[in-house]
Structure formats: C-alpha cells, structure tokens
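Novice: This structure is in structure tokens; I'll ask about it shortly.
The values are calculated or read from the model by the stated rules, or taken from the named source; none is laboratory data. Since this is a predicted model, take the numbers as computed values, not measurements. All Cβ positions, even for glycine, are placed from backbone atoms using ideal geometry, and neighbour counts span all protein chains on display. With ligands, DNA and RNA removed, areas are computed over all heavy atoms of the protein, side chains included. Shrake-Rupley method; radii C 1.70, N 1.55, O 1.52, S 1.80 Å.
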Amino acid sequence: MHWINDPNGVLYYKGVYHLFYRYNPKGAVWGNIVWAHAVSTDLVNWVMLQPAIYPTAPFDVNGCWSGSATVLPDGTPAIMYTGIDGDGRQVQNVAYPKDLSDPYLREWVKPDYNPVIAPGPGINATAFRDPTTAWRGPDGLWRLEVGTKDNHRGIAVLYRSRDFRRWVPVRRPLHHGDTGMWECPDFYPVTSHGVLGDVKHVLKVSLDLTRFEYYTFGAYDHATETYVPDAALADGNDGLRYDYGNFYASKTFLDPAKHRRILWGWANESDSTADDVRKGWAGVQAIPRKIWLAANGKQLMQWPVAEVESLRSNHVNITDRLIKGGDYFEVLGLTTPAQADVEVSFAAMDLDKAEPFDPAWRGADAQTVCAARGADVKGGVGPFGLWVLASDELKERTAVFFRVFKDGDDGKHVVLMCNDPSRSSYADHLYKPSFAGFIDVDIVKAGGKIPLRTLIDHSMVESFGGHGRISILSRVYPTKAVGDKARLYVFNHGESDIKVTHLNAYDMRSAKISTDINQPTR
C-alpha cells in the first residue's frame, strides 16, 4: 500500500538482508516520508517491519530522506540519512540500532549530537542530500559523499571523519558535472578484468533534471582525494547507465554472505496520480541485481540475483525454431505469462540485410533511434524479439526487441535494444516512452547471436540484453492482457530470417510477503 521510492541503507546483518526505502504511510502520493523496513534471508521473500526511521527531532522534523548504511569494523551498522530540519535545511544525520543482539534491527536510535553534517558556507542548503556508504582509507579516516549542486553543476562533496561523529569537508569535491543536481550518489570499488589488485572505482549519480542515472569508473587516490574517470568513458548525460528505462535512485551494497555487489533501484509509476490514488499504491523496487565489471573493462554488467530463480515453475522450452520475416508465434504452455521469466537466444541468419545506420543519428541517443525505428517499422535485421503482456487480438502488446544496423562502409554493425510500449494499453493518461540502448557486442564475431532475458510482473517488464550488458525497465498497464488473459509471443519484423536457438520460459510463483517476523521467509 501507499507510496514508495528510493531504496536506502541496504545491508546484511547476522544472516538477514535489510532493505530500507522511502515510504509515505498515509497515501499513494509523495509526502510524510519515513524509512520503511523489510527483512529477508534470500532477497526474494520478505517480512515487512515497522518503519525504522521517522521524524522525531528538530534535525529531521520535516522528513527523513535518503541515505546509506555502513557496517563499522566492530560489526555495528550505522545509517547516515538526510533530515529536513525546522528551517527547511537538508542536513545529514546518523542513527544506530538500539539492540545489536536483534538480527532484525527493529529499533534505531538517533544521537542528540545530530546533525553530524550541516550545510556549510557555499553549500545550497535546499539541495544537499543522500549521503553514500562510508569507506575507510589507509590513513584510518572515514569518507563519504553528499550530493549537491551549484546552479547547473552537480557536485559530489566529500567529507572525512576520524570517529564517524565529527565530519569535515574536503577542500575540493570528489567530482562534478554540468548536469544539474546530483542525487543519490554511490561510490564503490570493483575489480577490473577479474585481476586481483587491479581495482577501479565506480561513481554513480542520479540526475534530478532528466530522472536518469549514469556512471563512470576510474582511478581514485586516497592521498590526494582525487577521482579521475577512465578517458574512454563519457562523463555526463551521455555516460553509461545501469538501466536505460524507468530506474532511479539506485543503491548498491556489498553482500558479505556471497561475496557479490548487489544493486537495488526504484521504478516510479507511468500512469496518472489519480490512478495511483485509486489503486492505493505507487512505486516498486526492481528485482535486486548482481553487478560486476565486464571482462573487457568497458562497462558494468548486471543480472537478476540467482535467488529469484527459486520462484520458477512450469518450464516451457523451444529449440531451433526459424521465424521468417513478418512472422510470429505464441509461446504456449505458461499458466500466466503476466508473471514469467523468459530467457531466449536469437540468431540473425543474414546480417548482410542490415539497414544502414542513418548518419543523422550520429550523436543521438538510442532512445531517439528507437522512437524513429520502433517495433512496427519493418527493417532488414530486426526488429525481432518478444511481445509481452499481449492480448488475444494483439491490440495490446509491449515489444522488447533488437535491431541491427550496418554502420558505414567498414561493415561494422550497431546493435540496438529497445522497449516499445506504445501499444501496451488501451488506457488513457499513460506515459509510454520508448526506452533503448546500444549494446557493446560484435554480432558478427558472435555468429549473429544475441541473448535476451525478460522478467514480466504484471506492470513491470525488466529486460537484460547481451548477457547483462544492457538492461531496460518499463512500467506498462494493459487493460485486456491482464492475469491469465496475457499472452507471450516471439516476433520478427525484418527481412532476415531469425532463429530462436533456444527459449526457456517459466511461470513465476509470487514471493512471500508477510508482516509476521516469526514466519520464515524461505
């Protein structure tokens, strides 16, 4: 019920995963923000606890906004969060568990010495929020970032502390960009090329102006407090994204139980506020994703956590099925394709038929190309992919597809992945943009093959292309293709034949969501 947004303070403690997130306990619109709290032993099935952090003091009387968790060397979790004080300033506060013997961390205490970071001279007090997880340098000092802006310049301000109580700003910001307010920054190390000791650091920011996120990775020097992105990476609106769709305010954490970094992200609604009020809820958390650096060192990779596969049932398999240009077929055998997990590998049989990449698109983003060459525009190699949440007569359908272009005289190919919800619903007042990204893949070297995984969950369509090189999340609201009336199809609207080398589809059981802490989440 009600409104949810940013995932916060994710952590693992005494065998339990904790997810906090911003929540309005009074309605399905933004406001009255507190930190809701859920716990799990497997990242799939959850117990909902009472809100963990809510306004109680002058330093957060007007709201408890986003933040992060840090597990201190003695094992104590500490939460840093943005509070809105009585003067409307955004200040950074710390909270600690009341009872460290409680694996569910049900109660949190805010020390009287809050706020621990207040906006100093030159800081915009109305745009100063979302502290990161802290890290400790070789000198023993703690560091964390806070997002802010100076006119149109987004800034990650760096702070240091010896005791996690008194924080001082570093003379210059860790990084900045001409992209508007930087919300929900995240900064963490990853291993490059799988080589121990060859570490890069990732800086992710959420852009308040565009509602997209982008990231860079590069070299971080503790001694000089400098971060320099790799020269090959775009640093700004054109930078790499975790997700090219409806995915925002993301947060990662290091899972010590399975030695992996996990990414959480929030998906807002794409219907109207009136619709949200009528249904009584708004906002969802995306499926948690494992995230790592690609072997070629060019980007981050991501994939739904393996635990989500525990919900699979009723396996449907299709192997080596050819789809002629203009043809499609229905994937039969699922109980309800409105709640499914589909993994499929396509092979383009004739890449020579790829249409030219229009020179006018050079410099344009993939979303622009997808809008010009949507799922219903016939091509050479593609569009081919899935129609999900489709109605019997195909009047409602959401297309998740690939299209291959030939770029110039050198014969290189450009591979576009797109989610086109333009025909997803009969309903009015919906925001139905196409989302898209280019995939860093040599499709010739791959023998024309490209894989796709799509998780379908009623109004959620989460897709992963190229083994996790790209992800796109969309919100769609069919009126006919609902529940057991939804259908799933594979289609090819290009000249080249496409082979489905293999397709594995599964019904997905519902996760267990409980309010009883005594009920196991498995």
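Novice: For segment 443-522, what value does the Rg/Rh ratio take when both radii are computed over Cα atoms and Rh is the Kirkwood radius, given to two decimals?
Specialist: In segment 443-522, Rg relative to Rh is 1.07.
Novice: Please state the charge dipole magnitude for the chain, taken about the Cα centre, from unit charges on C-beta atoms (+1 on K and R, -1 on D and E), reported in debye and rounded to the nearest 20.
Specialist: With Lys and Arg at +1 and Asp and Glu at -1, about 640 debye.
Novice: Can you grab the distance from the C-alpha centre of segment 476-522 to the C-alpha centre of segment 425-452, Å, no decimals?
Specialist: Result: 17 Å between the Cα centres.
Novice: What is the antiparallel percent of DSSP beta bridges lying wholly in the chain, to the nearest 5?
Specialist: Taking every DSSP beta bridge within the chain, about 95 percent pair in antiparallel fashion.
Novice: Compute, for segment 408-490, the length of the dipole vector about the Cα centre, with Cβ point charges of +1 (Lys, Arg) and -1 (Asp, Glu) only. Units Debye, rounded to 20.
Specialist: 260 debye
Novice: How big is the chain along each principal axis, measuring the range of its Cα positions in Å and listing the largest first?
Specialist: Its Cα atoms span 69, 51, 42 Å along the three principal axes.
Novice: Which one of 464, 416, 488 has its Cα pushed farthest toward the positive end of the charge dipole of segment 351-500, where Lys and Arg give +1 and Asp and Glu give -1 at the Cβ?
Specialist: Checked the options; the winner is 488.
Novice: Mind checking the dipole of segment 262-395: about its Cα centre, +1 per Lys or Arg Cβ, -1 per Asp or Glu Cβ, Debye to the nearest 20?
Specialist: That gives a dipole near 320 debye.
Novice: For a Förster distance of 51 Å, can you work out the FRET efficiency between the beta-carbons of residue 446 and residue 395, rounded to the nearest 0.05?
Specialist: Step by step, r from the Cβ atoms, then E = 0.90.
Novice: Something else: Can you give the accessible area per residue of the chain, in Å², using a 1.4 Å probe?
Specialist: 41 Å²
Novice: Right, next: If a cysteine in the chain has no other Cys Cβ under 4.7 Å from its own Cβ, put it on the list, ordered by number.
Specialist: Unpaired cysteines in the chain: 64, 184.
Novice: Here is a follow-up. Please give, to one decimal in nm, the separation of the simple spin-label points placed at residue 345 and residue 198, each 7 Å out from Cα toward the Cβ.
Specialist: If labels sit at residue 345 and residue 198, their model points lie 2.7 nm apart.
Novice: Measuring from label point to label point, each 7 Å out along Cα→Cβ, what is the residue 335 to residue 238 span in nm?
Specialist: Result: 4.9 nm between the two label points.
Novice: Once neighbouring chains are kept in place and the probe is 1.4 Å, which whole percent of the accessible area of segment 125-195 is contributed by carbon and sulfur?
Specialist: In segment 125-195, the share of accessible area belonging to carbon and sulfur is 48 percent.
Novice: Moving on. For segment 373-522, give the percent of accessible area contributed by carbon and sulfur heavy atoms, probe 1.4 Å, rounded to a whole number.
Specialist: 48 percent
Novice: Taking 0.36 nm per residue of separation and subtracting the Cα-Cα distance, what length does fully extending residue 515 through residue 273 add?
Specialist: Stretched fully, the residue 515-residue 273 segment lengthens by 84.4 nm.
Novice: Express in whole angstrom the spacing between the alpha-carbon centres of segment 161-190 and segment 336-360.
Specialist: Here the two parts' Cα centres lie 40 Å apart.
Novice: Using DSSP to define loop residues, name the trypsin sites (Lys or Arg not before Pro) in segment 308-364 whose beta-carbon has at most 13 other beta-carbon atoms within 10 Å.
Specialist: 324, 362
Novice: Let me ask another. Can you give the translational diffusion coefficient of segment 311-436 in µm²/s, computed by Stokes-Einstein from the Kirkwood radius over Cα pairs at 10 °C and 1.306 mPa s?
Specialist: 98 µm²/s
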